[in-house]
Amino acid sequence: MIHEVDDALAALVRREALNGSDIEVVFDAPTKDWASRRNAPTVNLYLYDIREDLRWAAYGSVDVLDSNGHTGGRAGPPKYFKLSYLVTAWTQRPQDEHRLLSNLLTCFLRFAVLPADVLPPALAAANGPVRVTIALPPPEDRALSDVWSALGGELKPSLDLVTLVAFDAIGEQPVAELVTEPPRVRVSTPEVVEERSRRVVPARRG
């Protein structure tokens, strides 16, 4: 599911922020070595953190209804994960980078969820929309400066993009078929019961 989120983000950025330009969209780690090899304008969406959002945790099972409204299966509730991306712009001039970042910020501020027309089929069929937040303060246990330190690169302007996506690793489990016929009751008379009893009594040996 992670790569489907990548595809959806790239499609949205190309359409809404880059306006059809030939600026490249990549997901590489922006290390110092990588940055030294950049020779063309680039938008980098680096996935640096994956963690479950326990605020959405649920337990038990839910009924999956068929086209007739009958229970066709049961599924466990999905687990929701935050995928955090470090969004950066790479050009020859800082002014151009700032302009790109402005376009990217405006792009993601327009959408509280990823629009349906950029979602790959597997992601569109997932449980619920893919929520998006941009440039919110990071949690106390994580700072973007720590990410840059871990990458060995120089700190530069960036946006913290977080998506919330549902993962269903178990899938739907089948249930017993719905009983549509009325129950059948068979009543035997005392004579029939006595006759059956004689048939099952073993013969005595002399």
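Some points to look at:
- Whichever residue in the range 119-130 is out of contact with any Ser or Thr (no Cβ under 6 Å at 6 or more places or on another chain) and either at pLDDT 95 or above or assigned to a loop (DSSP other than H, G, I, E, B) (or both) and, among such residues, is farthest from ARG14 (Cα to Cα): ASN127
- SER102 meets each of the listed conditions (1) in contact (Cβ under 8 Å) with a residue 40 or more places away in the chain; (2) more than 22 Å from MET1 (Cβ to Cβ); (3) not charged (D, E, K, R) apart from (1).
- Assessment of the range 182-189 against the conditions (surrounded by fewer than 10 Cβ atoms within 10 Å (Cβ to Cβ) and either touching a helix residue (DSSP H, G or I) at 6+ places or on another chain (Cβ under 6 Å) or at pLDDT below 65 (or both)) yields at least one matching residue.
- When the criteria are applied in full, LEU114 meets the requirement of being in contact with a helix residue (DSSP H, G or I) (Cβ under 6 Å, 6 or more places away or on another chain), surrounded by 12 or more Cβ atoms within 10 Å (Cβ to Cβ) and at pLDDT 90 or above.
- Qualifying residue in the range 152-173 (condition: of a type in the set (S, T, N, Q) and modelled with pLDDT under 65): yes
- The range 111-153, subset more than 20 Å from LYS79 (Cβ to Cβ) and β-branched (Val, Ile, Thr), residue farthest from the chain's Cα centre (by Cα): VAL147
- Scanning the range 139-153 for residues that are free of Cβ contacts under 8 Å to residues at least 40 places away in the same chain and either touching a Phe, Trp or Tyr at 6+ places or on another chain (Cβ under 7 Å) or in a loop (DSSP other than H, G, I, E, B) (or both) gives PRO139, GLU140, ASP141, ALA143.
The values are calculated or read from the model by the stated rules, or taken from the named source; none is laboratory data. Bear in mind the structure is a predicted one, so any value in this text is a computation, not a measurement. Glycine also receives a Cβ, built like all others from the backbone with ideal geometry; neighbour counts cover every protein chain displayed.
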